[in-house]
Amino acid sequence: MTAKDPLVIFTPSGKRGRFPLGTPVLTAARQLGVDLDSVCGGRGICSKCQITPAFGDFPKHGVTVSDTALSEWNSVEQRYQDKRGLKAGRRLGCQATVQGDVVIDVPPESQVHRQVVRKAASARVIEMDPATRLYYVEVQEPDMHEPTGDLERLRKALKSQWDIDDVTADFPILRRLQPVLRKGNWSVTVALWKGDDRPPRITALWPGLHEGGLFGLAIDLGSTTIAAHLTNLETGEVTASSGIMNPQIRFGEDLMSRVSYAMMNPGGDLEMTRAVREALNTLAVEIAKDAEIDPSLIVEAVFVCNPVMHHLLLGIDPVELGQAPFALATSNAVAMNAANLDLAALPASAQVYVLPCIAGHVGADAAAVALSEEPGKSEDLALIVDVGTNAEILLGDKTRVLACSSPTGPAFEGAQISSGQRAAPGAIEAIRIDPVSKDARFRVIGCDKWSDEDGFWEETAQTGITGICGSGIIEAVAEMRLAGLLDPKGLIGSAEQTGTERCTPEGRTHAYLIHDGTAEGGPRITVTQGDIRAIQLAKSALYAGARLLMDERGVDKVDRVVLAGAFGAHISPLHAMVLGMIPDVPLDKVTSAGNAAGTGARIALCNVGARREIERVVREITKVETAIEPRFQEHFVNANAIPHATDPFPELHSIATLPDVSFNTGGGEGGGRRRRRG
Ligand code: FES
């Protein structure tokens with residue numbers, strides 16, 4: 001390179017350098033470390049190296065680019081243009097050579113490390129840097145005089161054409177190697193996995209140039225549902241998403257009942273392992289079908305799950321997780337072949353990565369939330385709660401992050417609630433109670449209108465009003481408190497005490513009627529005293545977990561709250577605070593992060609560096625074990641009141657008035673008195 005050589009400037013990176021006349025643009029990019037893709041190694045067949053040269057004056061860069069700055073359009077480009085078409089102004093970087101000073105733009109689709117913007121509320125981008133990449137190579141034919149194996153010649157080709165050393169291949173790949181090489185006439189595309197510091201491994205191969213894409217699954221393996229995102233490993237796009245119920249439910253609704261099942265039934269753990277693996281195979285086949293791809297193109301799967309699901313997926317008896325000190329078989333990340341997990345729907349050499357667990361009760365799902373929400377990078381003190389059958393709770397900022405898990409039970413998911421149901425069309429998801437008339441209006445899933453709006457009943461005729469889902473029950477209980485139907489202790493008043501016939505006796509207690517559909521053959525939807533108790537237990541567990549972390553951190557307030565989880569996205573911040581589920585913060589400081597665990601899985605799938613990062617972050621997180629902390633019980637008891645027995649909730653009281661009523665008669669029933677508002 002001399003000062004007389006043409007200057008090549010790449011955008012958007014701004015990298016620049018001088019190169020001798022005739023240097024291919026791809027070569028210049030490689031030498032400068034510019035992110036320009038190539039699968040075929042510059043042979044002009046993969047089209048991954050497309051660039052857009054810019055001509056004219058560029059005062060910003062101090063160059064003028066003439067029309068002849070790149071070599072003329074050549075026959076390889078013409079062939080590609082005829083076959084597939086190139087966008088106007090595009091050239092192939094491996095074919096166009098430098099003939100003068102030039103400014104070259106690398107479009108996003110030609111960048112290996114392109115950025116994928118998440119659709120979720122936060123604008124975090126995922127930088128593509130997957131563990132698996134495609135490489136096209138031309139392998140020397142076998143020769144009587146040079147008796148080497150096909151794999152050895154393939155390894156030699158990868159070394160000479162891509163400078164990749166020490167490549168390994170598992171037996172299933174070895175079995176396919178010879179026919180594939182011959183079918184491709186000694187050219188082959190290999191999927192090479194470089195997921196950690198072990199030697200690179202061939203995980204799939206195709207004859208000739210493979211253009212069918214490369215995919216991975218990001219799987220959020222929950223106790224109730226399993227959700228998967230099929231992700232294109234070249235572009236980062238989610239090609240299809242699908243979910244399936246976790247068939248282990250038949251062995252127990254919550255985690256501890258599944259651990260008990262394993263304890264009580266010899267071989268029960270294996271039964272549960274088999275069930276979840278079968279479901280995963282079904283899910284993989286279905287999602288591939290939805291995306292119209294061959295499942296053999298799925299070369300990686302990343303799992304996030306709680307510790308019990310983690311052990312059952314890996315085929316490890318979870319019995320130790322059912323008793324103190326809650327020892328995990330391993331808290332480290334786990335990487336292995338899909339065949340080890342009997343995931344027969346995926347190629348045998350597909351690679352599985354399971355995120356690390358934080359502690360015996362705080363799993364890889366919480367680690368995934370930490371990866372997605374990055375509390376350790378937060379300037380202000382953030383409390384992140386992933387609400388589910390167990391709540392995963394993270395509290396932290398740049399200085400320190402703490403984590404715990406709290407057993408909220410299934411009430412927030414609509415289970416163990418008299419009119420409760422899972423979120424599905426027909427379920428009440430939002431409710432408002434008029435503080436004067438005490439009448440309820442509501443909205444159901446599947447219809448945007450409120451029940452007092454024109455057209456609501458026509459639009460819901462098909463589904464009916466079937467029950468209350470998790471977000472609906474939270475709103476119902478909070479609205480009852482706001483309307484003076486429920487006292488701070490959680491007692492529902494009688495008709496006489498509340499002034500509404502909607503409060504009806506039920507045994508020694510009362511229930512509030514939201515909707516009576518019996519005339520049309522539908523259900524009578526009420527909130528009973530038992531429902532209130534179930535919600536109180538769940539919300540107290542959640543709040544107590546958060547408070548425990550705050551104690552540990554030495555604070556009595558947080559700066560912001562993030563509600564994560566599919567359900568978290570639907571919780572109304574005001575109602576959550578009236579209920580006292582979350583600590584008191586200004587309402588605009590409560591945000592929803594959607595399915596943060598699933599996003600964490602996607603990040604780990606698309607970026608191998610993120611795996612190393614979360615493995616490091618997890619080691620630095622302070623684990624707090626709720627089950628053995630004496631203060632948990634104290635916090636739990638205080639949090640039983642609505643919103644709280646001792647914590648003042650000043651932000652909440654500045655925006656909402658909670659009637660100061662008491663329906664406690666000492667005998668547990670009726671006759672309470674209405675106190676003056678405080
Ligand atoms: S590098 Fe494959 S076409 Fe240019």
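Given Val125, Val112, which one is without any contact (Cβ under 8 Å) to a residue 40 or more places away in the chain, under 28 Å from the mean Cα position of the chain (by Cα) and surrounded by fewer than 19 Cβ atoms within 10 Å (Cβ to Cβ)?
Numbers: Val112 fails: without any contact (Cβ under 8 Å) to a residue 40 or more places away in the chain.
Unique residue meeting the criteria: Val125.
Within region 618-646, residues that are closer than 25 Å to Leu371 by Cα sit with their Cβ atoms under 6 Å from residues that are among the small types (Gly, Ala, Ser) and part of a helix (DSSP H, G or I), at 6+ positions apart or across chains, in these pairs: Val618/Ala367; Thr626/Gly545.
I'd like the full set of residues that are in contact (Cβ under 8 Å) with a residue 60 or more places away in the chain and more than 10 Å from the ligand (Cβ to nearest atom), limited to region 31-53.
Val34, Asp35
Of the numbered criteria (1) in contact (Cβ under 8 Å) with a residue 40 or more places away in the chain; (2) assigned to a loop (DSSP other than H, G, I, E, B), the one Ile104 fails is (2).
Let's see how each residue does on (1) outside any helix (DSSP H, G or I); (2) buried (at least 20 other Cβ atoms within 10 Å of the Cβ); (3) aliphatic (A, V, I, L, M):
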residue	(1), (2), (3)
Arg153	no, no, no
Leu158	no, yes, yes
Gln161	no, no, no
Ile173	no, yes, yes
Val188	yes, yes, yes
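Among the candidates Arg602, Arg612, the residue that is over 14 Å from the mean Cα position of the chain (by Cα) and in a helix (DSSP H, G or I) is uniquely Arg612.
Table: residues versus (1) under 21 Å from the mean Cα position of the chain (by Cα); (2) part of a loop (DSSP other than H, G, I, E, B); (3) at pLDDT 95 or above; (4) surrounded by fewer than 20 Cβ atoms within 10 Å (Cβ to Cβ).
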residue	(1), (2), (3), (4)
Ala348	no, yes, no, yes
Asp380	no, yes, yes, yes
Leu394	yes, no, yes, no
Gln416	no, yes, no, yes
Ile431	no, no, yes, no
Gly446	no, yes, no, yes
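Does any residue of region 70-80 turn out to be in a helix (DSSP H, G or I) and among the acidic types (Asp, Glu)?
Going residue by residue through region 70-80, those that are in a helix (DSSP H, G or I) are 75-80.
Subset that is among the acidic types (Asp, Glu): 77.
Checking region 70-80: at least one residue is in a helix (DSSP H, G or I) and among the acidic types (Asp, Glu).
Residues in region 89-130 that are within 12 Å of the ligand (Cβ to nearest atom) and polar (S, T, N, Q) were compared, and the one that is modelled with the highest pLDDT is Gln95.
Could you list all residues from region 477-497 that are crowded, with 24+ Cβ neighbours inside 10 Å, touching a His at 6+ places or on another chain (Cβ under 9 Å) and in a helix (DSSP H, G or I)? Within region 477-497, Val477, Ala478, Glu479 meet the criteria.
If only one of Val334, Val319, Val352 is more than 21 Å from the chain's Cα centre (by Cα) and over 23 Å from Tyr543 (Cα atoms), which one is it? Just one listed residue meets the conditions, Val319. Within region 452-468, the set of residues being in contact with a Gly (Cβ under 9 Å, 6 or more places away or on another chain), part of a loop (DSSP other than H, G, I, E, B) and within 19 Å of Asp516 (Cβ to Cβ) comprises Thr460, Thr463, Gly464, Ile465, Thr466.
Here Pro20 fulfils each of the conditions (1) within 15 Å of the ligand (Cβ to nearest atom); (2) farther than 24 Å from Leu209 by Cβ apart from (1).
Does region 247-269 contain any residue that is under 30 Å from Leu154 (Cβ atoms) and within 25 Å of the chain's Cα centre (by Cα)? Steps first, answer last, please.
Going through region 247-269, the residues under 30 Å from Leu154 (Cβ atoms) turn out to be none.
Taking every residue of region 247-269 in turn, none turns out to be under 30 Å from Leu154 (Cβ atoms) and within 25 Å of the chain's Cα centre (by Cα).
For region 195-220, give me each residue that is within 24 Å of Ala597 (Cα to Cα) and either part of a helix (DSSP H, G or I) or modelled with pLDDT under 95 (or both). Break it down stepwise before answering.
Step one: of region 195-220, the residues within 24 Å of Ala597 (Cα to Cα) are 195-196, 214-220.
Correct list: Gly195, Asp196, Asp220.
Checking the condition surrounded by fewer than 20 Cβ atoms within 10 Å (Cβ to Cβ) and either part of a helix (DSSP H, G or I) or at pLDDT below 95 (or both), which residue from Gly472, Gly522 passes? Selected residue: Gly522, the only one of Gly472, Gly522 that is surrounded by fewer than 20 Cβ atoms within 10 Å (Cβ to Cβ) and either part of a helix (DSSP H, G or I) or at pLDDT below 95 (or both). Checking Leu233, Leu181, Leu174, Leu221 one by one, the residue that is closer than 27 Å to Pro108 by Cα and not β-branched (Val, Ile, Thr) is Leu233 and no other. Taking first residues from region 57-80 that are in contact (Cβ under 8 Å) with a residue 24 or more places away in the chain and partners that are within 14 Å of the ligand (Cβ to nearest atom) and basic (Lys, Arg), the Cβ contacts under 8 Å between residues at least 6 apart in sequence or on separate chains come to Leu70/Arg91; Glu77/Arg91.
If you go through region 249-258 and keep only what is surrounded by fewer than 24 Cβ atoms within 10 Å (Cβ to Cβ) and in contact (Cβ under 8 Å) with a residue 40 or more places away in the chain, you end up with Glu253, Asp254, Met256.
Determine whether region 280-296 contains at least one residue that is closer than 12 Å to Val354 by Cβ, of a type in the set (Ser, Thr, Tyr) and touching a Pro at 6+ places or on another chain (Cβ under 9 Å).
Taking region 280-296 first, the residues closer than 12 Å to Val354 by Cβ are none.
Within region 280-296 (the criterion being closer than 12 Å to Val354 by Cβ, of a type in the set (Ser, Thr, Tyr) and touching a Pro at 6+ places or on another chain (Cβ under 9 Å)), the answer is no, since none of the residues qualifies.
On the given criteria, is Arg422 among the basic types (Lys, Arg) and either surrounded by 23 or more Cβ atoms within 10 Å (Cβ to Cβ) or not in a loop (DSSP other than H, G, I, E, B) (or both)? When the stated conditions are applied, Arg422 does not pass them. Looking across region 312-366, the residues that are of a type in the set (Asp, Glu) and either closer than 18 Å to Ala284 by Cβ or touching a strand residue (DSSP E or B) at 6+ places or on another chain (Cβ under 8 Å) (or both) come down to Asp342, Asp365.
State which residue is farthest from the ligand (Cβ to nearest atom) when the search covers only region 54-88 and only residues that are closer than 18 Å to Val106 by Cβ and basic (Lys, Arg). Per the criteria, the residue is Lys60.
The values are calculated or read from the model by the stated rules, or taken from the named source; none is laboratory data. Worth saying up front: this structure is predicted, and the values here are computed from it rather than measured. Every residue, glycine as well, gets a Cβ built from its backbone with ideal geometry; the counts of neighbours run over all protein chains shown.
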